[in-house]
1. What distance in nm lies between label points placed 7 Å from Cα along the C-beta direction at Thr68 and Ile34?
2. Place the peptides 39-46, 95-102 in order of packing, highest mean first, counting for every residue the other Cβ atoms within 10 Å and averaging per peptide.
Amino acid sequence: MDSDIPGLLAEAITKHRNAMPLPNTPGAPSFHGIDVTTFLYKYETLAPFTATDVTESSVIAMLAYYCTEEIRETVMVMRSYTDRDWAALKKEMLDVFRLSDNRPDSLVYTRLYLENL
């Protein structure tokens, strides 16, 4: 299923160069297991969810490549990731990683935080 993810990633990013930086480049969201709320907010803000030529499924698939290798392995086995369900993936990632947020109190009233309580 994920065999062509690097190709999808390159294609989506090439078409939307101004919106989403390549993984591990300046300005790219990166998740290391801390501050999942901030990471999801940045990823959702930058990802080309509304582009007509990029599917939500491919945007979800790309998320794993914005995570460290250890986190990527965890994300890729989440049911919501394999189902390509964005709302469920956000909730599942928040459930798993929220306790590692550095400053959850500073994000309490953000829309993303409140939607995922």
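Nothing in this text is a laboratory measurement; each read-out follows from the coordinates by a stated rule. Predicted, not measured: the structure shown is a model, and the values here were computed from it. All Cβ positions, glycine included, derive from the backbone under ideal geometry; neighbour counts span all protein chains shown.
1. Using points 7 Å along Cα→Cβ, the separation is 0.9 nm.
2. 39-46, 95-102
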